[in-house]
Structures are given as structure tokens and as C-alpha cells.
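Read the structure below first, then the notes.
Where a number appears in this text, it was derived from the coordinates with a stated rule and is not lab data. Only a predicted model underlies this, so the values are computations on that prediction, with no experimental measurement involved. Cβ placement follows ideal geometry from the backbone for every residue including glycine, while neighbour counts extend to all protein chains displayed.
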Amino acid sequence: MDLSKIDFVDSSGLGALVQLVKYTQQSEGSLQIVSNARVTQTVKLVRLEKFLSLRPSLDEAIDNVKKS
């Protein structure tokens with residue numbers, strides 16, 4: 001999921017991302033999230049950066065999916 005163009009994410013957006021990650025995990029899938037500095041800062045503030053599998057670029061997200 002590419003969020004690199006998103007300027008702001010609030011608690012509703014974070015909640016939706018958490019639900020999406022949980023759904024993909026239950027389906028034995030994985031979700032890579034491409035994030036910019038502002039979104040990453042917000043996610044780190046609530047300590048969800050590892051759970052949400054944030055990636056700094058689309059290429060890195062794709063490479064990570066290929067490895068799994």
C-alpha cells in the first residue's frame with residue numbers, strides 16, 4: 001500500500017491500517033506500507049512502525065514481498 005503521498009493520518013486512519021494488517025495476517029498474506037516522513041513520524045509516535053511494516057520506498061516494499 002503506497003501512502004507516500006499522504007500528508008496526514010489520524011487515529012481513524014491508523015485504526016483502518018491496523019485492521020487491514022490483521023486481516024492480511026489472518027489470510028496468511030502480508031501488507032507492506034510505503035510511507036513518507038510525516039506518516040512515519042505519526043506511526044512511530046504510537047509505536048506501530050514494526051507492526052505496520054513501513055517501508056521508505058515502493059522498490060523496498062516489493063523486494064521485501066519477493067523475499068517472503
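With the structure loaded, tell me whether residue 7 is of a type in the set (D, E, K, R) and without any contact (Cβ under 8 Å) to a residue 40 or more places away in the chain or whether it fails that test. The answer is yes for residue 7. Return the pair list, or none, for Cβ contacts closer than 6 Å from residues in segment 46-68 that are surrounded by 14 or more Cβ atoms within 10 Å (Cβ to Cβ) to residues that are among the basic types (Lys, Arg), at least 6 apart or on different chains. Listed pairs, sorted by first residue: 61/55.
Among residues belonging to segment 1-45 that are small (Gly, Ala, Ser) and under 12 Å from the mean Cα position of the chain (by Cα), point out the one that is surrounded by the most Cβ atoms within 10 Å (Cβ to Cβ). The qualifying residue surrounded by the most Cβ atoms within 10 Å (Cβ to Cβ) is 35.
Name the residues in segment 43-58 that are in contact with a strand residue (DSSP E or B) (Cβ under 7 Å, 6 or more places away or on another chain) and not small (Gly, Ala, Ser), would you? Once the filter is applied, which keeps residues that are in contact with a strand residue (DSSP E or B) (Cβ under 7 Å, 6 or more places away or on another chain) and not small (Gly, Ala, Ser), segment 43-58 yields 43, 52, 54, 55, 58. Looking across segment 1-41 at every residue that is in a helix (DSSP H, G or I) and of a type in the set (Ser, Thr, Tyr), the one that is nearest to residue 58 (Cα to Cα) is identified as 40.
Among the residues of this structure, residue 65 does not count as one that is within 11 Å of the chain's Cα centre (by Cα) and in a helix (DSSP H, G or I).
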